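Only one structure is covered here, and it is reproduced in the block below.
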Amino acid sequence: MMPLRALLLVYWLLTGCQSSPPKQVAAAPPVKLEPKRATLGEHQVEAPAAVWARYRCASARRLPVAALEEQQLWPQPVAAGSQLTHQFAYALCPAKPAGAVAGTLYRKIYFQGRLVHSGRQPFTLKPGRWEVNAIIKVPQESAAGTYTLRTEFIGRAARKRKIKLMESTDFEVIAARPGP
């Protein structure tokens, strides 16, 4: 039987690890979470031509060229019962100008070396450099300690070429703040 702590962690992870699609709201500007372009969803931050030049894709032996460039979690540490923002950036030089790479995005969270959650969702890498932001809700009952978030993308490009990207980041959960 699974201990209560493990069940709570699974609940936490199942309810909070989803990327929100970009919202199409014409009347209001997007809500800013942090000063550094942290609106929820996906946002293009560099045009495909600039990524093509930076990664020297014209001289690449095989296309597409893809990279998971960075991943951040904030605030750090995060109190049990609050939320943190998961942000990652990727770059793609496709084999064809309008090409994209479809696959699956996995978010795996480890605590004390054990996998406590593995969530997945369909995801498509698009040409250029993109930033993706999502909210992770931390349950009130979460154990204090160091957790590791591993983000993985696995997809297939033209000619069945497998594309696999991975990045890991540690984060700290601290005891819940006392309520009023």
### Summary
For region 106-169 the mean separation of alpha carbon contacts under 8 Å (6+ apart) over residue count, i.e. relative contact order in percent, is 33
### Computed lengthening from residue 135 to residue 175, 0.36 nm per intervening residue step minus Cα-Cα distance
12.5 nm
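How large is the accessible surface per residue of region 73-153, computed with a 1.4 Å probe and reported in Å² as a whole number?
Working: 3110 Å² over 81 residues.
Per residue, region 73-153 has 38 Å² of solvent-accessible surface.
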### Query
Over region 70-180, what is the relative contact order in whole percent, taking alpha-carbon pairs under 8 Å and six or more residues apart?
35
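Are there GluC sites (Glu not before Pro) in region 73-169 that DSSP marks as loop and that have at most 15 other Cβ atoms within 10 Å, and which are they?
Sparse-neighbourhood loop GluC sites (Glu not before Pro): 141.
The values are calculated or read from the model by the stated rules, or taken from the named source; none is laboratory data. From a predicted model like this one, the values you see are computed outputs, not experimental measurements. Cβ sites come from the backbone with ideal geometry, for glycine too, and all protein chains shown count toward neighbours. The accessibility values were calculated without ligands, DNA or RNA, using every heavy atom of the protein model including side chains. Shrake-Rupley method; radii C 1.70, N 1.55, O 1.52, S 1.80 Å.
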